[in-house]
Amino acid sequence: QKKLHQAVCVLLVELCERFTFFGIVCNMILFCTLKLGYHSHQAAMVNMCFVGTSTLTPVLLGWLAEYLVGRIKLVCICMFLHFLGTALLPVVSFPFEDVYVDRRHILLTLPKREQKILFYFALLTASLGTGGIRAIVCPLSAYSLEDCGPKELLSFFNWFHWLVNLNSAVVFVSISYIQQSVARNLGFLIPFVSGLMAMITIHMVRGEMIYKPKTDSSLLTTFGVIFSALKACCGRYRYLSTGVASWLDHAKENHGGHYTEAQVEGTKSLARLFPLFTFQVLYRTCIMQIPSGYYLQTMNSNLHFGGFVLPVAAMNVISIVPLLILVPVLECINSWLFSSKDTGHSPTIYIVVGHFSAALSLMVAGFSEIHRKHFPQVEQTLSEEVLLVSSMPCFHLAPQYILLGVAEALVTPSCSLLSFQLVPGRMRGISMHFLALFNGAGCFVGALFVQTAHAGTQGSWFPHLLHEGKLERFFFFLASLMMVNTLGFWAIAHRYNNLHEDCTNEFRGSLPGEKLLKHGKNIKHYNAVLESSPILSPVEKT
């Protein structure tokens, strides 16, 4: 009963934190373009950089909690930062120029420059607070996954992302409508209230919720092994060494290095996943088109539906629906696959199909952009601002959202499973950290692509006014890159079909400590924990 209570509390905090995150992201482009006066490419870059920063901060703050500050102290700091950031956002969004004395005189005016500075400071503090809550309060290790097999792990990741995306669907429908139509000045108050709920929950049950992982591995140790091996390989005398099976073996103590055999072997098993992580960078860049390129397309399309103006961010729900439908279907498929094969099932085929679906989505987006510009322009009011947009109904963009939703349903849980299962227990937290690092890198690469495309084509490939530019060329360019990325991962996917056997059998059997664990009945996978859970959900990216 106590474990169930703790798991429910952790899940509630997780959902509240994601609620605030999605509430900040869902209409950021609309706010930046209409209220801060940013160009479209600048607003898209701000959104992607915020998502990338929120993805990377759990890795940094998880390390700080373990080695410098302390978990309890840091979680209090992060709760304050989260509260501060979500409280400042309403201050930025509130239109002070609309406040009058006796309906004649302006009471207060916040200059545009100070408004932008306050906005960036609020985003930074909110992302730091988000990172601390994810890393310390809501790590995956709090769900006790160390004793789960591949089938149970895949089922957990599927349903975990299903719940997160169900939460995001509620946010995109409700908050986006409030921000855009009903009370735009109160839009950012909702993340503040939700963040306050999360902090109250943490305070009420912090004794059971602040999970302290046991670990003998860290990012510093992993990077130390890599740099030590590289330094040794660069020495001329190392080229004459013939008794080394891998270049990482140079870091072992018995080869003149400074690290134990267990640490080096763990790093070697992690290094096998680097190609998998690398191919996720471009995929994450494509997923980031939902809160950037796709959002701008929707914003410049006809949002009227039966006399009702749809929120721009509500179109994101279309990308979530396939995931909500596919997860139960995939559960049935996985149950059959795992039960019919004694050697286990590797979900690499899901990743290949998902990558192809992402490439196809970008291709469809390019043709949709060409199709959209053939419609005559009409006036449309968004957040009390009148814009010239295409008269094409926004639902014509639904196929590209659906394809990216299918991609996320297939790729994200499968990639999480491979990163968690295909390394020894002590390295699972580090493996998930590296997955988060590469996912965050994909967000920043997306922002770099937008800036490069805008500057290199003088605003043609990513224009401020879509009807005056060639946004479709940017989509076609990303689609071609993603297709190459898909073929590249397909070529190496066979490496991960049976990799878990090497980790569980060969690696564990090669070390004396692991042999003791294998035969000890009262010891459970020592240090088989996960330090943090910075995994992107489909719409975190959005």
Notebook entry, point to check: When only residues in the range 364-385 that are open to solvent by less than 50 Å² (accessible area, probe 1.4 Å) and outside any strand (DSSP E or B) count, which is farthest from Glu472 (Cα to Cα)?
Noted result: Ser383
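Here's the yes/no breakdown for (1) under 20 Å from the mean Cα position of the chain (by Cα); (2) touching a residue at least 12 places away in the same chain (Cβ under 8 Å); (3) not in a helix (DSSP H, G or I):
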site: Leu387; (1), (2), (3): no, yes, yes
site: Thr412; (1), (2), (3): yes, yes, no
site: Met427; (1), (2), (3): no, yes, no
site: Phe438; (1), (2), (3): yes, yes, no
site: Ala455; (1), (2), (3): no, no, no
site: Ser460; (1), (2), (3): no, yes, yes
Checklist line | Pairs where the first residue, in the range 341-360, is among the acidic types (Asp, Glu) and the second is modelled with pLDDT under 90 and open to solvent by 70 Å² or more (accessible area, probe 1.4 Å), C-beta under 9 Å, 6+ apart | finding: none
Notebook entry, point to check: For the range 230-262, how many residues are at pLDDT below 75, open to solvent by 20 Å² or more (accessible area, probe 1.4 Å), part of a helix (DSSP H, G or I) and closer than 23 Å to Gly425 by Cβ?
Noted result: 1
Next item on the list: Considering (1) at pLDDT 50 or above; (2) on the phi > 0 side of the Ramachandran plot; (3) open to solvent by 50 Å² or more (accessible area, probe 1.4 Å), say which one Phe476 fails and leave the rest.
Entry: (2)
Notebook entry, point to check: How many residues does the range 34-60 hold that are under 21 Å from Ile290 (Cα atoms), touching a residue at least 12 places away in the same chain (Cβ under 8 Å) and in a helix (DSSP H, G or I)?
Noted result: 17
Checklist line | Count - residues of the range 35-62 that are open to solvent by less than 40 Å² (accessible area, probe 1.4 Å) and over 15 Å from the mean Cα position of the chain (by Cα) | finding: 9
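Conditions tested, residue by residue: (1) over 19 Å from the mean Cα position of the chain (by Cα); (2) more than 28 Å from Asn439 (Cα to Cα); (3) among the hydrophobic types (A, V, I, L, M, F, W, C).
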| position | (1), (2), (3) |
| --- | --- |
| Glu261 | yes, yes, no |
| Glu265 | yes, no, no |
| Phe279 | no, no, yes |
| Met288 | no, no, yes |
| Val317 | no, no, yes |
| Leu323 | no, no, yes |
| Ile333 | yes, no, yes |
Notebook entry, point to check: Does the range 290-310 hold any residues that are over 23 Å from the mean Cα position of the chain (by Cα) and open to solvent by less than 10 Å² (accessible area, probe 1.4 Å), and which are they?
Noted result: Ser301, Leu303
Margin query: For the range 1-34, which positions are within 24 Å of Leu196 (Cα to Cα), of a type in the set (A, V, I, L, M) and open to solvent by less than 10 Å² (accessible area, probe 1.4 Å)?
Written below: Val10, Val13, Ile24, Val25, Met28
Checklist line | Count of the range 148-173 residues which are surrounded by fewer than 21 Cβ atoms within 10 Å (Cβ to Cβ) and hydroxyl-bearing (Ser, Thr, Tyr) | finding: 1
Next item on the list: Identify, by number, the condition in (1) of a type outside the set (Ser, Thr, Tyr); (2) touching a strand residue (DSSP E or B) at 6+ places or on another chain (Cβ under 7 Å); (3) modelled with pLDDT of 75 or more that Phe121 doesn't meet.
Entry: (2)
Item checked: Residues of the range 97-118 that turn out to be out of contact with any Phe, Trp or Tyr (no Cβ under 7 Å at 6 or more places or on another chain) and modelled with pLDDT under 70, as a count -> 9
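Being crowded, with 23+ Cβ neighbours inside 10 Å, modelled with pLDDT of 90 or more and of a type outside the set (Lys, Arg) is the requirement here; does Gly442 meet it? Give the derivation first.
Details: crowded, with 23+ Cβ neighbours inside 10 Å: yes; modelled with pLDDT of 90 or more: yes; of a type outside the set (Lys, Arg): yes.
Taking the combined requirement at face value, the residue satisfies it.
In the range 263-307, what residues are touching a Lys or Arg at 6+ places or on another chain (Cβ under 8 Å) and assigned to a helix (DSSP H, G or I)?
Val264, Gly266, Pro275, Arg284, Ile287, Gln297
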Checklist line | Top-ranked residue in the range 311-325 [being of a type in the set (A, V, I, L, M, F, W, C) and surrounded by 24 or more Cβ atoms within 10 Å (Cβ to Cβ); ranked as modelled with the lowest pLDDT] | finding: Ala313
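The values are calculated or read from the model by the stated rules, or taken from the named source; none is laboratory data. Treat the numbers as computed from the prediction; the structure is a model and nothing was measured. When we count neighbours, we look across all protein chains shown, and the Cβ atoms used for this are built from the backbone with ideal geometry, even at glycine. Heads up: the accessible areas ignore ligands, DNA and RNA and are worked out on the full protein's heavy atoms, side chains in. Shrake-Rupley method; radii C 1.70, N 1.55, O 1.52, S 1.80 Å.
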